[in-house]
Amino acid sequence: MILKRDEPLAPRTSYRIGGRAEYFFIPERMEEVPQAMSYCRAKGLDLRVLGGGTNVLIGDRGWPAVLSLERFRHTDSYGPFAKAEGGASFPAFVKKLADNACRGAEALCGIPGTVGGALLMNAGGHYGEIGEFVKRVKVVEPDGRIVTLEREQCGFRYRDSDLKGRVILSADFEFPEGDRDEIRNRMREIFQKKKASQPLHSHSAGCVFKNPPGAAAGRMIDECGFKGTRVGGAAVSVVHANFLTNDENASAADMLELISRIRGQVKQRHGVELELEIKVWG
Ligand SMILES: Cc1cc2nc3c(=O)[nH]c(=O)nc-3n(C[C@H](O)[C@H](O)[C@H](O)COP(=O)(O)OP(=O)(O)OC[C@H]3O[C@@H](n4cnc5c(N)ncnc54)[C@H](O)[C@@H]3O)c2cc1C
């Protein structure tokens with residue numbers, strides 16, 4: 001296993017924000033994952049898994065112990081079935097699924113990060129979510145046991161699951177069979193819509209807040225007049241108000257202050273407590 005000390009985390013996130021990891025584990029074999037976990041337990045270190053870093057805001061002081069599954073990137077797709085390891089690139093996996101005529105893949109395009117992150121977050125959008133297609137997930141439990149969970153045990157729901165606290169090693173999927181050209185065309189369409197409505201070239205973590213039932217967080221934030229508002233180097237995107245961007249060396253403190261102002265104003269104007277979609281470490 002590779003163990004790095006004082007590893008900078010900001011370059012490993014799409015926000016480009018965050019301090020260093022005191023311990024940064026890169027297991028090379030599956031059995032090394034529980035080993036890293038028990039090492040951290042013995043030292044009293046809170047170990048977190050970092051996937052593509054596209055849905056996390058890491059604090060300016062960093063995090064004591066971080067584990068990366070970057071050596072576990074294998075994917076396979078045969079007929080309607082597919083397999084992927086937790087550290088595999090989610091966009092590359094989705095492309096493979098589309099090439100293999102897996103219907104539903106089109107709904108998952110334009111989501112960066114890894115397969116592990118996508119499963120934990122039940123990534124998706126208007127058109128569908130990854131959890132719908134899961135058969136089973138192999139995880140390491142907090143006590144170090146490697147177990148396989150059936151889909152029903154994963155608790156997939158809107159941008160959430162019961163996989164928290166576990167390390168997602170790999171998963172098996174099953175998709176309905178579709179028409180490859182239709183899937184590819186639909187994928188292009190969905191991606192064009194995303195390109196037109198999201199600041200895809202800025203440093204962001206996607207939507208910061210979950211949509212409250214029956215409402216759109218972005219619209220509420222926009223109605224409070226936040227588009228373009230800045231705190232230090234952090235800004236509310238003028239393209240999509242639920243995307244906060246790191247425009248000029250923003251700190252996590254800048255981003256958290258902006259988040260807190262938005263929450264306060266939305267609560268005052270709409271009477272709604274916005275819930276974070278992104279994970280804040282620190
Ligand atoms: C431009 C942009 C567009 C986006 N669009 C969408 C979208 O349309 N729909 C959507 O749902 N999301 C979207 N996102 C958010 C993000 O891409 C997804 O949530 C993604 O699935 C996160 O994956 P990740 O590997 O980057 O996870 P990370 O950000 O690294 O981690 C997210 C959480 O998952 C945990 N985690 C990661 N890997 C594992 C693992 N192997 N085992 C256990 N826990 C793990 C982390 O500890 C953390 O709690 C977007 C982000 C960006 C930047």
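Rule-based calculations on the coordinates, nothing more; no lab input. Note that the structure is a prediction, hence the values are computed from the model and not measured. Cβ placement follows ideal geometry from the backbone for every residue including glycine, while neighbour counts extend to all protein chains displayed.
Below is a table of values for the structure above.
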read-out	value
Number of positions in region 177-224 that are within 12 Å of the ligand (Cβ to nearest atom), aliphatic (A, V, I, L, M) and in a loop (DSSP other than H, G, I, E, B)	3
Matching residues, region 115-153, being more than 12 Å from the ligand (Cβ to nearest atom) and either surrounded by 18 or more Cβ atoms within 10 Å (Cβ to Cβ) or among the basic types (Lys, Arg) (or both)	PHE133, VAL134, LYS135, ARG136, ARG145, LEU149, ARG151
Extreme residue, surrounded by the fewest Cβ atoms within 10 Å (Cβ to Cβ), among residues of region 154-198 that are more than 30 Å from ASP46 (Cβ to Cβ) and small (Gly, Ala, Ser)	ALA196
Qualifying residues in region 94-114 (those that are more than 10 Å from the ligand (Cβ to nearest atom) and surrounded by fewer than 20 Cβ atoms within 10 Å (Cβ to Cβ)) - the one nearest to GLY206 (Cα to Cα)	LYS95
Test for PHE243: is it touching a residue at least 24 places away in the same chain (Cβ under 8 Å), aromatic (Phe, Trp, Tyr) and more than 16 Å from the ligand (Cβ to nearest atom)	no
ARG73 within 12 Å of the ligand (Cβ to nearest atom), surrounded by fewer than 21 Cβ atoms within 10 Å (Cβ to Cβ), in contact (Cβ under 8 Å) with a residue 12 or more places away in the chain and not in a loop (DSSP other than H, G, I, E, B)	no
Whichever residue in region 77-93 is under 22 Å from LEU163 (Cβ atoms) and in contact (Cβ under 8 Å) with a residue 60 or more places away in the chain and, among such residues, is farthest from the ligand (Cβ to nearest atom)	PHE81
So LYS164, is it among the charged types (D, E, K, R), in a helix (DSSP H, G or I), within 14 Å of the ligand (Cβ to nearest atom) and out of contact with any Asp or Glu (no Cβ under 9 Å at 6 or more places or on another chain)	no
Hits in region 27-54 (condition: over 20 Å from LEU119 (Cα atoms) and either in contact with a Lys or Arg (Cβ under 6 Å, 6 or more places away or on another chain) or among the β-branched types (Val, Ile, Thr) (or both))	GLU28
